[in-house]
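The values are calculated or read from the model by the stated rules, or taken from the named source; none is laboratory data. Remember, it's a predicted structure, so these values are computed and weren't measured experimentally. Glycine also receives a Cβ, built like all others from the backbone with ideal geometry; neighbour counts cover every protein chain displayed. Each accessible area value is taken on the protein alone, full model and side chains, heavy atoms only, with ligands, DNA and RNA left out. Shrake-Rupley method; radii C 1.70, N 1.55, O 1.52, S 1.80 Å.
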Amino acid sequence: QVQLVESGGGLVQPGGSLRLSCAASGGIFSVTLMGWYRQAPGKQREFVARVTSSGSTNYADSAKGRFTISRDNAKNTVYLQMNSLKAEDTAAYYCNAVLTPVGAPYQSAYWGQGTQVTVSS
């Protein structure tokens, strides 16, 4: 069964950095794209960044210039390097992957359980 496991969240001061990781496992045939979303209390989940299997990336305007997404295709792992963090970056960060499990006729979207990022002094 496919699982996405995130790590790397925590408490950081404004201006600091964090690196999130997300590893996909469990009978995966191919991964089309992996990315990150976030959800702050009382707000809807929003897109942060994504990277395709070919390395093409997209970022939300709020992430451009501060966050960098990267991917290790061999490990089915995606990373989000977050620099110059602000209080408004505080949220639960969710990993997302669009992938095809072994034996499946089509790809589907999967989500991790979320990792909390808190930016506060």
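The table below gives the values:
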| quantity | calculated |
| --- | --- |
| For peptides 95-102, 4-11, sequence by mean Cβ density within 10 Å, most packed first | 95-102, 4-11 |
| Charge dipole (debye, nearest 20) of the chain; +1 at Cβ of Lys and Arg, -1 at Cβ of Asp and Glu | 100 |
| Length gained when the stretch residue 68-residue 32 is fully extended (0.36 nm per residue, less Cα-Cα span) | 11.1 nm |
| Among 37, 106, 79, residue whose mean-square fluctuation peaks in a GNM of the chain (springs only between Cα atoms under 10 Å) | 106 |
| Extension gain from residue 118 to residue 75, taking 0.36 nm per residue of separation minus the Cα-Cα distance | 12.7 nm |
| Fraction of accessible area attributable to carbon and sulfur, the chain (%, probe 1.4 Å) | 47 |
